[in-house]
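Worksheet: the structure to be examined is printed underneath.
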Amino acid sequence: MNIKSLLIGSAAAFSVVSGAHAADAIVAAEPEPLEYVRICDAFGAGYFFIPGTETCLRVGGKVRTEGQWKDPYNRSSSFGTKWHTRAELNLNTATDTEYGPLKTETIVRWDWNDGNATSTNLLWAYITLGGFTVGKTDSQYNQFIGYAGDVIQDDVIYDGPYELNQLTYNYDSGTGFTGVISLEDSNSGSTTSAYGGSWQLSEANHYAPNVVAGLGYKAGAWQFRVVGGYDSIVEEGAVKARIDADFGVFSAFLMGGWNTDGSKLNQYAGSNQNVSACTTSSGVVHGADCGWGDWAVWGGVGVPINDKLKWNVQLAYTDSKIFEATTNVKFNPVKNLLIEPEVTYVHYDLPGDDSFSGILRFERTF
């Protein structure tokens with residue numbers, strides 16, 4: 001064998017061995033691509049896409065703690081001061097569909113009071129699509145026309161029901177005209193009444209819903225709205241009308257309500273007052289005097305002093321001669337932190353007693 005043949009043979013053998021080793025080599029798997037959280041700005045600030053879906057999610061909430069002196073809803077309250085702390089978690093979702101945004105809102109609330117009294121409440125949980133709302137939220141009798149004022153104790157004079165199941169359609173023309181119609185839970189179950197029988201709260205085997213309807217118009221700094229509610233258990237109802245105006249240096253509202261039967265209370269012209277507000281010294285309960293009577297009126301003014309400070313006042317009066325005045329200052333020393341002292345005065349005609357109460361609130365939203 002000559003040198004040339006030896007070199008050729010050695011090269012061939014090396015090639016075979018190298019090929020065998022190459023076949024046995026371990027190839028590392030490609031890493032899975034990471035999906036980072038994407039911002040979803042189509043539905044407002046704070047939304048992001050849930051990874052792997054086309055659904056947008058926003059997480060928020062608040063922590064609140066406040067000290068309260070006396071109770072504006074109970075003239076005979078015995079406590080001097082009490083402390084209340086609340087935590088709230090808000091979850092909002094939104095997805096684009098051929099019928100418009102499909103949205104949900106869920107609010108869970110945890111409360112703690114003096115004496116270790118704790119509670120958990122599913123405050124709101126509802127779905128919206130194409131103008132329709134179904135689920136639990138505040139009555140459209142309040143939401144459509146607006147709450148009574150920018151104060152904590154805004155419903156010392158009853159302004160309507162909160163937290164109930166409903167099937168609602170909201171209409172917005174885009175030209176200032178709005179409307180609403182809502183079928184709302186009548187909260188029937190067992191037959192119960194309150195305020196000496198003046199308010200039939202529920203009735204066994206009652207299946208008809210309550211009905212709310214309203215219309216509104218907004219033009220520039222002015223807005224007018226009217227809404228009516230029918231209580232299918234009491235078979236009575238109430239109507240509220242409201243005017244809002246924003247003058248720049250201050251904003252103001254005036255709202256009036258009419259009860260279809262002033263001798264009764266119903267879901268839309270009821271009372272948040274303790275029964276002592278309509279009980280005489282002899283123990284006789286005049287239940288209708290805890291509510292509006294035939295009518296009620298509210299008014300309020302808000303004055304922004306600067307970008308951190310705002311002063312509010314609300315006044316309310318009823319045909320049953322209950323008068324309420326509340327004033328507060330809303331102070332935001334930094335973004336999303338509120339410090340709010342508030343004082344409320346209530347005059348009751350029937351017992352002839354007056355009451356003062358106050359709150360100092362601290363609230364952090366996120």
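Give the residues of the stretch 249-277 that are small (Gly, Ala, Ser), surrounded by fewer than 16 Cβ atoms within 10 Å (Cβ to Cβ) and either closer than 18 Å to TYR141 by Cβ or in contact with a strand residue (DSSP E or B) (Cβ under 9 Å, 6 or more places away or on another chain) (or both), sorted by residue number.
The answer is ALA252, GLY256.
For the stretch 113-205, which strands (runs of 3 or more DSSP E) that fit wholly inside it have 3 or more residues that are hydrophobic (A, V, I, L, M, F, W, C)?
117-129, 177-184
Take the residues in the stretch 315-329 that are within 24 Å of GLY80 (Cα to Cα) and in contact (Cβ under 8 Å) with a residue 60 or more places away in the chain, then tell me which one is surrounded by the fewest Cβ atoms within 10 Å (Cβ to Cβ).
Here the residue is THR327.
Taking the conditions exactly as written (open to solvent by 40 Å² or more (accessible area, probe 1.4 Å) and in contact with a helix residue (DSSP H, G or I) (Cβ under 7 Å, 6 or more places away or on another chain)), does LEU350 satisfy them or not?
yes
Quick grid of which residues meet (1) charged (D, E, K, R); (2) touching a Leu at 6+ places or on another chain (Cβ under 8 Å); (3) open to solvent by less than 30 Å² (accessible area, probe 1.4 Å); (4) touching a residue at least 12 places away in the same chain (Cβ under 8 Å):
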| site | (1), (2), (3), (4) |
| --- | --- |
| GLY67 | no, yes, yes, yes |
| SER78 | no, no, no, no |
| LYS103 | yes, yes, no, yes |
| ASN116 | no, no, no, no |
| TRP124 | no, no, no, yes |
| PHE144 | no, no, yes, yes |
| GLN153 | no, no, yes, yes |
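Which ones in the stretch 212-222 are open to solvent by 20 Å² or more (accessible area, probe 1.4 Å) and either of a type in the set (Val, Ile, Thr) or not in a strand (DSSP E or B) (or both)?
Selection gives GLY220, ALA221.
Do you know which residues across the stretch 182-203 are of a type outside the set (D, E, K, R), under 25 Å from the mean Cα position of the chain (by Cα) and crowded, with 16+ Cβ neighbours inside 10 Å?
Answer for the stretch 182-203, where residues must be of a type outside the set (D, E, K, R), under 25 Å from the mean Cα position of the chain (by Cα) and crowded, with 16+ Cβ neighbours inside 10 Å: SER182, LEU183, SER186, ASN187, SER188, LEU201.
What is the residue count in the stretch 223-237 for residues that are open to solvent by less than 50 Å² (accessible area, probe 1.4 Å) and in a loop (DSSP other than H, G, I, E, B)?
3
Yes/no per residue for (1) closer than 16 Å to GLY160 by Cα; (2) modelled with pLDDT under 95; (3) assigned to a helix (DSSP H, G or I); (4) out of contact with any Lys or Arg (no Cβ under 6 Å at 6 or more places or on another chain):
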{"residue": "VAL239", "(1), (2), (3), (4)": "yes, no, no, yes"}
{"residue": "ARG242", "(1), (2), (3), (4)": "yes, no, no, no"}
{"residue": "LYS264", "(1), (2), (3), (4)": "yes, no, no, yes"}
{"residue": "ILE305", "(1), (2), (3), (4)": "no, no, no, yes"}
{"residue": "TYR317", "(1), (2), (3), (4)": "yes, no, no, yes"}
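The values are calculated or read from the model by the stated rules, or taken from the named source; none is laboratory data. Note that the coordinates shown come from a computational prediction; the quantities given were computed from them, not determined experimentally. Neighbour counts run over all protein chains shown; Cβ positions are idealised from the backbone, glycine included. For accessibility, only protein heavy atoms count, side chains too; no ligands or nucleic acids. Shrake-Rupley method; radii C 1.70, N 1.55, O 1.52, S 1.80 Å.
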